[in-house]
Amino acid sequence: MKLVKAVLAASLGAVIAASSMSVQAKQLTIGFSQIGAESEWRTANTNDVKAAAKAHGINLKFSDAQQKQENQIKAIRTFIAQKVDLIGFVPIVATGWDNILREAKRAKIPVLVMDRDLTVSDPSLYVAKIGTDSYTEGRKVFDWLDKYVHDKNIKPRNGGDKINIVILEGTVGASATTGRGNGFSDALKESPNKDLYNVLASQTGDFTRQKGQEVMESFLKSNRNDIDVLFAMNDDMALGAIQAIEAAGLVPAKDITIVSVDGVKGIFQAMIEGKANATVECNPLQGDLFFTTAEKILKGESVPKSVFVEEGVYPAETAKEVFPSRKY
Ligand code: GYE
């Protein structure tokens, strides 16, 4: 009898130990809705999310929305039905998320946002956002430009008294577009040199190389001899625009100063070839921070509502030296 009890007690103990271990070691399932593959930056971001999920031992359900908000909403709804532990997503545009996030909240599934910001009626609809600080990036673009124009004594090509800027904007309604646009124009307005600058044209190129090229072609058609500066809201659009500038018989980075955002390998190559002037870094390697934050949320720890990743500025003069150490 005694022996039976002892065996029972021991095996019960083992069961409890095993089950509490399995609670601790339970693999987390996270659903992640990515925007698509519009740029070199996005591809690096996706690769990093997948690698970081592996490193964290996460069961990742990854969904590519192919540039459509409705696909993201569908993916999130599927994650809810699958009862994932947490939902992550990159909001392609800032608005239009209230309803689906309410569904997630009702299902008690926490939501963690990556890279782009969103605007919701109730901030408790998502736990936190980690990633990009687009507004600061826009400010850095103007600050770099203002100093460059001064240091290099850049003069308007048409002999007038204004440095004419054209802007290739990102996806309409995306926080990366409004943030960078507002940051740039605020820094311009606050500059003592503000009267020197004129924004000649500003149009979306949807963060893609192809559209960047097309829109730059149209800018050049109407203002070939007036454009002094191109601010492209991402490197891919700048790379497309460089082709349009060369096709128009102008010299990129000389006739037209080119500054963009991201810091992908493609723009470093262009800078090394003397075809672009500077890039403001936007770091796509956000996966580790994302899963670390997700794990904290699922353990019930509190996390800051917004965390930004570290980002630098790289003028062309540094490109050759920095290039070998670039990870994306
Ligand atoms: O700059 C661009 C991408 O949201 C910060 O999206 C991101 C932007 C990035 O397609 O290249």
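The lone criterion from (1) outside any loop (DSSP other than H, G, I, E, B); (2) closer than 23 Å to residue 296 by Cα left unmet by residue 182 is number (2). Residues that are among the acidic types (Asp, Glu) and in contact (Cβ under 8 Å) with a residue 12 or more places away in the chain within the stretch 295-305 comprise just one, 295.
Yes or no: residue 228 in contact (Cβ under 8 Å) with a residue 60 or more places away in the chain, of a type in the set (D, E, K, R) and in contact with a Gly (Cβ under 9 Å, 6 or more places away or on another chain)? Here the answer is no, as residue 228 does not meet what is asked. Restricting attention to the stretch 244-284 and to residues that are at positive phi and under 26 Å from the mean Cα position of the chain (by Cα), the residue that is nearest to the ligand (Cβ to nearest atom) turns out to be 262.
Pairing each residue of the stretch 118-140 that is in contact (Cβ under 8 Å) with a residue 60 or more places away in the chain and more than 14 Å from residue 105 (Cα to Cα) with any residue that is crowded, with 22+ Cβ neighbours inside 10 Å and among the acidic types (Asp, Glu), provided the two are 6+ apart or on different chains, yields C-beta distances under 6 Å for 131/115; 132/115. When the stretch 296-328 is filtered for residues that are in a helix (DSSP H, G or I) and either among the basic types (Lys, Arg) or closer than 21 Å to residue 117 by Cβ (or both), the ones remaining, listed by number, are 296, 297, 320.
Selection of first residues in the stretch 306-317 that are closer than 19 Å to residue 267 by Cβ and of second residues that are polar (S, T, N, Q), restricted to Cβ pairs under 6 Å at least 6 apart or on distinct chains, gives the following pairs, ordered by first then second residue: 309/283; 309/286; 311/283; 314/279; 316/277. Among residues that are more than 12 Å from the ligand (Cβ to nearest atom) and assigned to a helix (DSSP H, G or I), residue 187 is included.
What about residue 195, is it more than 16 Å from the ligand (Cβ to nearest atom) and either in a helix (DSSP H, G or I) or more than 29 Å from residue 327 (Cβ to Cβ) (or both)? So residue 195 fits the description; yes. Residues that are farther than 19 Å from residue 39 by Cα and assigned to a helix (DSSP H, G or I) occur at least once in the stretch 259-281. Among the residues of the stretch 217-236, just one is within 10 Å of residue 168 (Cβ to Cβ) and more than 16 Å from the ligand (Cβ to nearest atom), namely 219. Filtering the stretch 52-73 to residues that are of a type in the set (Val, Ile, Thr) and under 13 Å from residue 100 (Cβ atoms) leaves only 73. Would you check if residue 184 is free of Cβ contacts under 8 Å to residues at least 60 places away in the same chain and hydrophobic (A, V, I, L, M, F, W, C)? Yes, satisfied. Quick check: anything in the stretch 199-210 among the polar types (S, T, N, Q), surrounded by 15 or more Cβ atoms within 10 Å (Cβ to Cβ) and within 16 Å of the ligand (Cβ to nearest atom)? For the stretch 199-210, residues among the polar types (S, T, N, Q), surrounded by 15 or more Cβ atoms within 10 Å (Cβ to Cβ) and within 16 Å of the ligand (Cβ to nearest atom): present. Residues in the stretch 145-179 that are within 16 Å of the ligand (Cβ to nearest atom) and either crowded, with 17+ Cβ neighbours inside 10 Å or in a helix (DSSP H, G or I) (or both): 167, 168, 169, 170, 171, 174, 175, 176, 177, 178, 179. Looking only at residues in the stretch 94-111 that are within 16 Å of the ligand (Cβ to nearest atom) and in contact (Cβ under 8 Å) with a residue 40 or more places away in the chain, which one is surrounded by the fewest Cβ atoms within 10 Å (Cβ to Cβ)? Looking at residues that are within 16 Å of the ligand (Cβ to nearest atom) and in contact (Cβ under 8 Å) with a residue 40 or more places away in the chain, I get 95. The residue of the stretch 279-320 that is surrounded by the most Cβ atoms within 10 Å (Cβ to Cβ), among those that are closer than 19 Å to residue 31 by Cβ and either at pLDDT below 95 or of a type in the set (Ser, Thr, Tyr) (or both), is 293. Residue 186 meets each of the listed conditions (1) of a type outside the set (A, V, I, L, M); (2) closer than 30 Å to residue 68 by Cβ; (3) under 25 Å from the mean Cα position of the chain (by Cα) apart from (2). Filtered by the rule that a residue be small (Gly, Ala, Ser), part of a helix (DSSP H, G or I) and within 26 Å of the chain's Cα centre (by Cα), the stretch 214-243 gives 238, 240, 241.
Looking only at residues of the stretch 38-78 that are touching a residue at least 60 places away in the same chain (Cβ under 8 Å) and hydrophobic (A, V, I, L, M, F, W, C), we find that the one that is nearest to the ligand (Cβ to nearest atom) is 41.
The values are calculated or read from the model by the stated rules, or taken from the named source; none is laboratory data. Being a predicted model, the structure only gives us computed values, none of them experimental. Cβ: placed from backbone, ideal geometry, glycine included. Neighbour counts: every protein chain shown.
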